[in-house]
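Report on the following structure.
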Amino acid sequence: MNELKLIFYCNSEEKTSELAKRVAILSRKGDVFALYGTLGMGKSVFARAFVQELCGQTDVPSPTFTLVQMYDAPDFEIYHFDLYRLKSPEEIFELGMEEAVYEGVCLIEWPEKMGGYLPKKTIKINITAQSNGRQIEFIFNNQETYNRFSGIKENQ
């Protein structure tokens with residue numbers, strides 16, 4: 001199947017947060033979001049707003065040093081991974097990645113550090129600089145997941 005894409009433009013951190021909150025509301029147990037982008041693109045902004053929307057927590061630290069933070073959402077656990085400091089792809093198993101993928105929703109910053117271990121069903125999110133903001137591109141590999149999130153575009 002061809003990749004299916006949704007593309008958004010956010011000209012501020014607030015717009016990125018609003019988009020993340022709409023994505024969070026549509027998320028389901030088993031969703032895996034891989035956040036791609038260079039330093040300072042807004043991966044942590046997106047992840048923080050996602051967690052805040054579902055958990056009501058105002059303090060959502062980046063798991064840069066702990067590598068993973070877990071949060072209790074009403075319908076599932078949220079696992080926020082920051083793999084920037086990972087030395088080898090196999091280290092993800094020590095972090096409980098397998099359980100997280102099946103038991104909750106995963107937000108993975110620096111997913112390229114996982115090598116070939118990224119699950120097939122992953123929703124890839126590419127965040128790149130564009131003009132005075134960010135282009136946020138969602139890439140889906142199945143029609144059902146694409147359909148679930150495609151309504152976001154109408155509200156943008």
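Every read-out reported here was derived from the displayed coordinates using simple, explicitly stated rules and does not represent laboratory data. Keep in mind the model is a prediction, meaning the values are calculated, not measured. Every residue, glycine as well, gets a Cβ built from its backbone with ideal geometry; the counts of neighbours run over all protein chains shown.
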* Structure fact -> From fewest to most C-beta neighbours within 10 Å, the residues 128, 122, 38 line up as 38, 128, 122
* Within the chain, what's the longest stretch lacking GluC sites (Glu not before Pro) that sit in DSSP loops with no more than 12 other Cβ atoms inside 10 Å? -> 4-93
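So in segment 4-150, what percent of DSSP beta bridges are antiparallel if you round to the nearest 5?
On the way: 19 of 33 bridges.
Roughly 60 percent of the DSSP beta bridges within segment 4-150 come out antiparallel.
What does the helix-only formula give at 222 nm for the chain: each DSSP H stretch with n ≥ 4 adding -39500 (n - 2.57), the total divided by the residues, and the result rounded to the nearest 500 deg cm²/dmol?
Details: 5 runs with 46 residues, N = 156.
Per the formula, -8500 deg cm²/dmol.
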* Cross-link reach list, lysines versus residue 87, counting only Cα pairs under 25 Å and skipping chain neighbours closer than eight places -> 43, 113, 120, 121, 124
* **Model label zone, residue 152; criterion: amide N under 15 Å from point 7 Å along Cα-to-beta-carbon; scope segment 115-129** => 122-128
* Asked: From a point 7 Å beyond the Cα of residue 130 in the direction of its Cβ, which residues of segment 10-29 have a backbone N at a distance under 14 Å?
  -> 10-12, 16
* Structure fact -> At R0 = 30 Å the Cβ-Cβ FRET efficiency linking residue 28 and residue 137, nearest 0.05, sits at 0.90
* To do: Quick one: among 92, 25, 123, which has the greatest mean-square fluctuation in a GNM of the chain with alpha-carbon springs under 10 angstrom?
  => 25
* To do: Take every Cα-Cα pair in segment 4-150 and report what % of them are more than 21 Å apart.
  => 38 percent
* Which distance in nm do the two modelled labels at residue 120 and residue 90 give, with both placed 7 Å along the Cα-to-Cβ direction? -> 2.5 nm
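Going by C-beta contacts inside 10 Å, put 85, 22, 48 in order with the fewest on the left. Mind showing how you got there, number by number?
Numbers: 85 13, 22 19, 48 23.
Ascending number of Cβ neighbours within 10 Å: 85, 22, 48.
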